[in-house]
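Down below is the structure, laid out as structure tokens.
The values are calculated or read from the model by the stated rules, or taken from the named source; none is laboratory data. Worth saying up front: this structure is predicted, and the values here are computed from it rather than measured. All Cβ positions, glycine included, derive from the backbone under ideal geometry; neighbour counts span all protein chains shown.
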Amino acid sequence: MTGLVLGLALPVLSGMSLDASAQERKYAGTELHIGSVANGPTKIMTGFLDEFTAETGIIVTVEAMGNRDLFKKITIESIGKTGYFDLMRISPNYIPSFVEPGWLVPLDEFVERDGYDLADFIPSGLQMLGRRPGDDTLWAIPKNASSGMLTYRTDLFGDPNEKAAFEQKYGYELNPPETFQQWLDTAEFFTRDTDGDGEMDLYGFGSSQQAPNAAAAWAMVLIWSMGGDILNEDETKVALNSPESVAGFEWGLKMQKFQPKGVLAWATQDIKNMADGRMAMSMQLLPHARKLLKPETSRFHDRFAFTTVPVAENNTRGYTTGKYLYGGGGFAMHAHSDNKEGAWEFMKWMFNKKQAMRFAEAGTLFPRYSVLQSEEVLAAFPEYEKIIPVFRKTLEHVVKGRPQIAESSALVRVLGQAWHEAALGQKTPAEAIAAADQRMKDILREAGYPNP
């Protein structure tokens, strides 16, 4: 029987009974307990469990909860060596936290033995969702991928009168921005009082910035796109306090003037403001981008298009696009599982090409070429035609992973707080960056890094 557990409640069983043929299968009667995040991709996955059980005889229970609660639960059960979880959905930064104490099973032998196709994965998916820096070992099979895309109003950018006014003011043609200067210019141009009541009712841009996570994601766009970084290349030293990071924050303060006042409290991309036409541009993650194109969730559904994150013109790394945080996760096998072969059977079945297509048709994209080039996926969701080319380019050229060390979450919280200090005027960009750099060094020093 398959089941879904929400939070830490008892299993809710599907009521399915195994047929005789399934009972006679190699893995009949094997039970798997899976820890996952309570989100859309997990909901889609649970819809396939009865079919998996019927084919293999493996009984699956999925325990879904918040990301932070899942991390704590895995940690507690792992320290206790309980064997509670056979498989876990993990975020990229979990990998080093779980590999170092020996809680994950390397998957390379399983992959090689059974000819599991890794070539279909976009390389960034394998690297950022399944491995860790400097380590070719595969620790997780990538599942859903996500990243930010710049969303813009086609009716505004394509309006002849707007184009003429923009060119007269800025001296170049109005197009979706490709550089930070163009991004700033277009945000300024479209921020206006459209009804003459003295209040701004159209903003040029908007991006969620609630501390710590949403604020940190935006701060990473600013810092990374300038050529800065949080840690050095081998992730042993803090590298935040740099001219690039300060320049990123300084540019971000300029852009802040053309965003709604509430962005510092937005926890996720604010769909409603964009869907109702109150912003000319915004940053949107994949699930929200789809909602913007649906009539039932977006009044302006036929007026949106997408492009990659603009780049800082004089960035010090030679980037040709801006950078945005790689989101999503993969599935890993727990070293304390007593059902490793059954767990691998689940991973092979649930995360192969065929299933990836079914996930896509249900609304979740895997970082696979076969999915992002599929006519069937486009047929299932016509709105993907506007999204997938940009999303694929984003996965190939834009995405960047946050630090993949055990202390990653703590560093991200510090970065998000630093951006709020700068955005609220509590510190200058240089002061906020310097203070965050020192706090990050303290975190790594306490964790045992000799000279962070």
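Overview of values
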{"quantity": "Identity of the residue in region 384-439, free of Cβ contacts under 8 Å to residues at least 12 places away in the same chain and under 21 Å from the mean Cα position of the chain (by Cα), that ends up nearest to Phe366 (Cα to Cα)", "calculated": "Pro389"}
{"quantity": "Test result for Val12, β-branched (Val, Ile, Thr), within 30 Å of Arg290 (Cβ to Cβ) and modelled with pLDDT of 90 or more", "calculated": "no"}
{"quantity": "Qualifying residue in region 399-412 (condition: buried (at least 21 other Cβ atoms within 10 Å of the Cβ), farther than 30 Å from Asp302 by Cα and of a type in the set (Lys, Arg))", "calculated": "yes"}
{"quantity": "Filtered residues of region 254-277 (kept if of a type in the set (D, E, K, R) and either under 19 Å from the mean Cα position of the chain (by Cα) or buried (at least 18 other Cβ atoms within 10 Å of the Cβ) (or both))", "calculated": "Asp270"}
{"quantity": "Checklist (1) outside any helix (DSSP H, G or I); (2) polar (S, T, N, Q); (3) in contact with a helix residue (DSSP H, G or I) (Cβ under 9 Å, 6 or more places away or on another chain) applied to Gln182, failing item", "calculated": "(1)"}
{"quantity": "Output for region 274-283, where each listed residue is modelled with pLDDT under 90 and closer than 18 Å to Trp218 by Cα", "calculated": "Met274"}
{"quantity": "From the options Gln417, Gln373, residue that is surrounded by fewer than 16 Cβ atoms within 10 Å (Cβ to Cβ) and not assigned by TED's automatic domain parsing to the domain that holds Arg290", "calculated": "Gln373"}
{"quantity": "Residues located in region 233-253, provided they are modelled with pLDDT under 95 and under 22 Å from the mean Cα position of the chain (by Cα)", "calculated": "Glu233, Glu235"}
{"quantity": "Unique match (being part of a helix (DSSP H, G or I) and without any contact (Cβ under 8 Å) to a residue 40 or more places away in the chain) among Gly262, Gly196", "calculated": "Gly262"}
{"quantity": "Hits in region 33-72 (condition: crowded, with 18+ Cβ neighbours inside 10 Å and either touching a Gly at 6+ places or on another chain (Cβ under 6 Å) or in a loop (DSSP other than H, G, I, E, B) (or both))", "calculated": "Ala38, Gly57, Ile58, Thr61, Glu63, Met65, Leu70"}
{"quantity": "Failed item, numbered, when Leu32 is tested on (1) within 26 Å of Ser147 (Cα to Cα); (2) over 20 Å from the mean Cα position of the chain (by Cα); (3) aliphatic (A, V, I, L, M)", "calculated": "(1)"}
{"quantity": "Single residue of Ala187, Ala215 found to be hydrophobic (A, V, I, L, M, F, W, C) and within 30 Å of Arg68 (Cα to Cα)", "calculated": "Ala215"}
{"quantity": "Count of residues meeting criterion [in a helix (DSSP H, G or I) and within 17 Å of Leu129 (Cβ to Cβ)] in region 357-391", "calculated": "7"}
{"quantity": "Test for Thr364: is it polar (S, T, N, Q) and surrounded by 19 or more Cβ atoms within 10 Å (Cβ to Cβ)", "calculated": "yes"}
{"quantity": "Matching option when the condition is farther than 25 Å from Thr308 by Cβ, among the basic types (Lys, Arg), outside the structural domain of Leu231 (by TED's automatic domain parsing) and assigned to a loop (DSSP other than H, G, I, E, B), among Lys348, Lys441, Lys427, Lys354", "calculated": "Lys427"}
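Residues checked against (1) farther than 30 Å from Ala119 by Cα; (2) of a type outside the set (D, E, K, R):
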| residue | (1), (2) |
| --- | --- |
| Thr364 | no, yes |
| Leu372 | no, yes |
| Glu385 | no, no |
| Ile405 | no, yes |
| Ala410 | yes, yes |
| Lys427 | yes, no |
| Ala447 | yes, yes |
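Every residue, every condition in (1) among the aromatic types (Phe, Trp, Tyr); (2) closer than 30 Å to Glu178 by Cβ, yes or no:
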| residue | (1), (2) |
| --- | --- |
| Ala380 | no, no |
| Pro389 | no, yes |
| Leu395 | no, yes |
| Val398 | no, yes |
| Gln404 | no, yes |
| Val412 | no, yes |
| Trp419 | yes, yes |
| Gln438 | no, no |
